[in-house]
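> Take a look at the following structure, please.
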């Protein structure tokens, strides 16, 4: 029994790799960044620190990685594996298709079931891989793919935080993670079974689970991050204790909870209870996480289907005026960070082309439609409050 993990970033090392190591299941990373691959192979080990629970810290040994260019080794590893995990970021999933195709075609000749588990906070990541692989597979492998390959989704609830420079000097691969252990996976798309992985939670009724997490956790995170940035906070937990911000976050939870419960037909009380787990995480001071990291790449995070605009559209679709979500969108539109290329471009569009251009080009909202008008009213409100000075 063995596994392949595409990606060797913080979630790949600090959650998927960590759980596999503790479950005594051999695995290999596949990573595009050659310097990271070389570091993993040179050191062969890395540390996972559990924030607030140092007694649970763990050194993962026997770590090994392949570069994307090592096609033969990767193809062979997929053919020999029982499970492949992806932790590369949703926008990078398409880049995996050629090597997955080759690995699956070789696995077809070898036989046995193969499951691919996407560990991405992304919309329908399993469907992206399934349709993409189906389209390019050779004819001989298509029947094998249909009968023996499952492509399913996991929801990643553990946060992985960038360690400070002092820790990185001691171990450049160290990862600081939240003390959270469950890995929920959609059971309905699995072929055969998954390995006995510590923390694995097979969820039979998975419909909406990923969207539920995204539009609860990520929407609240975006709200705290962008309003926190406006108010001068550096740490996420500090901002999440500011009563002004929490009033808005609580409103966001209400808006997303009501929409999600209607869309996916689960009790509103259950969804509101779920929001409390998100709030607890945001306010957990043992998770030393920074506004800058969470607000990074505002052009993507303001896009039509992402955490803020996507949540607002969902709320509107189910009959609500998403006042609090639109306050968060307004704050995000005024996010500034000279070291972030995406933020610099957002500032340029806002200053040179205006708010309507941001709404139309970035958020994909018509400036004169209801949501666009509501966001503009919230920008005026934030200026009245003195939170926006431009």
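> Is the stretch 154-165 home to any residue that is modelled with pLDDT of 95 or more and either out of contact with any strand residue (DSSP E or B) (no Cβ under 9 Å at 6 or more places or on another chain) or closer than 28 Å to residue 209 by Cβ (or both)?
Step one: filter the stretch 154-165 for residues modelled with pLDDT of 95 or more, giving 154.
Keeping just the survivors that are either out of contact with any strand residue (DSSP E or B) (no Cβ under 9 Å at 6 or more places or on another chain) or closer than 28 Å to residue 209 by Cβ (or both) gives 154.
Among the residues of the stretch 154-165, at least one is modelled with pLDDT of 95 or more and either out of contact with any strand residue (DSSP E or B) (no Cβ under 9 Å at 6 or more places or on another chain) or closer than 28 Å to residue 209 by Cβ (or both), which makes the answer yes.
> What is the one condition in (1) closer than 25 Å to residue 182 by Cα; (2) at pLDDT below 95; (3) within 17 Å of the chain's Cα centre (by Cα) that residue 264 does not satisfy?
All conditions are met except number (3).
> Here is a check on your reading of the model: is residue 305 assigned by TED's automatic domain parsing to the domain that holds residue 338, touching a strand residue (DSSP E or B) at 6+ places or on another chain (Cβ under 8 Å) and modelled with pLDDT under 95? Give the derivation first.
On the way: assigned by TED's automatic domain parsing to the domain that holds residue 338: yes; touching a strand residue (DSSP E or B) at 6+ places or on another chain (Cβ under 8 Å): no; modelled with pLDDT under 95: yes.
So residue 305 fails the test.
> Only one of 129, 167, 173, 137 is in contact with a helix residue (DSSP H, G or I) (Cβ under 7 Å, 6 or more places away or on another chain) and over 18 Å from residue 75 (Cα atoms). Can you tell me which?
Details: 129 fails: over 18 Å from residue 75 (Cα atoms); 167 fails: in contact with a helix residue (DSSP H, G or I) (Cβ under 7 Å, 6 or more places away or on another chain); 137 fails: over 18 Å from residue 75 (Cα atoms).
Being in contact with a helix residue (DSSP H, G or I) (Cβ under 7 Å, 6 or more places away or on another chain) and over 18 Å from residue 75 (Cα atoms) holds for just one of 129, 167, 173, 137, which is 173.
> Which helices (runs of 4 or more DSSP H) does the stretch 279-390 wholly contain that include 1 or more residues that are in contact (Cβ under 8 Å) with a residue 60 or more places away in the chain and either in contact with a helix residue (DSSP H, G or I) (Cβ under 9 Å, 6 or more places away or on another chain) or surrounded by 13 or more Cβ atoms within 10 Å (Cβ to Cβ) (or both)? Give the steps one after another, and end with the answer.
Numbers: elements: 291-295, 298-301, 309-317, 323-333, 341-348, 370-385.
So the answer is 291-295, 298-301, 309-317, 323-333, 370-385.
> Next question, about the same structure. Scan the stretch 188-206 and tell me whether some residue there is buried (at least 23 other Cβ atoms within 10 Å of the Cβ) and either part of a loop (DSSP other than H, G, I, E, B) or at pLDDT 95 or above (or both). Reasoning before the result, please.
If we filter the stretch 188-206 for residues that are buried (at least 23 other Cβ atoms within 10 Å of the Cβ), which is where we start, we get none.
No, because not a single residue in the stretch 188-206 is buried (at least 23 other Cβ atoms within 10 Å of the Cβ) and either part of a loop (DSSP other than H, G, I, E, B) or at pLDDT 95 or above (or both).
> Give just the number: which of (1) under 27 Å from residue 162 (Cα atoms); (2) at pLDDT 95 or above does residue 287 not satisfy?
With respect to (1) under 27 Å from residue 162 (Cα atoms); (2) at pLDDT 95 or above, residue 287 is out only on (2).
The values are calculated or read from the model by the stated rules, or taken from the named source; none is laboratory data. None of these values were measured; they are calculated from a predicted model. Positions of Cβ are backbone-derived with ideal geometry, glycine not excepted, and every protein chain shown enters the neighbour counts.
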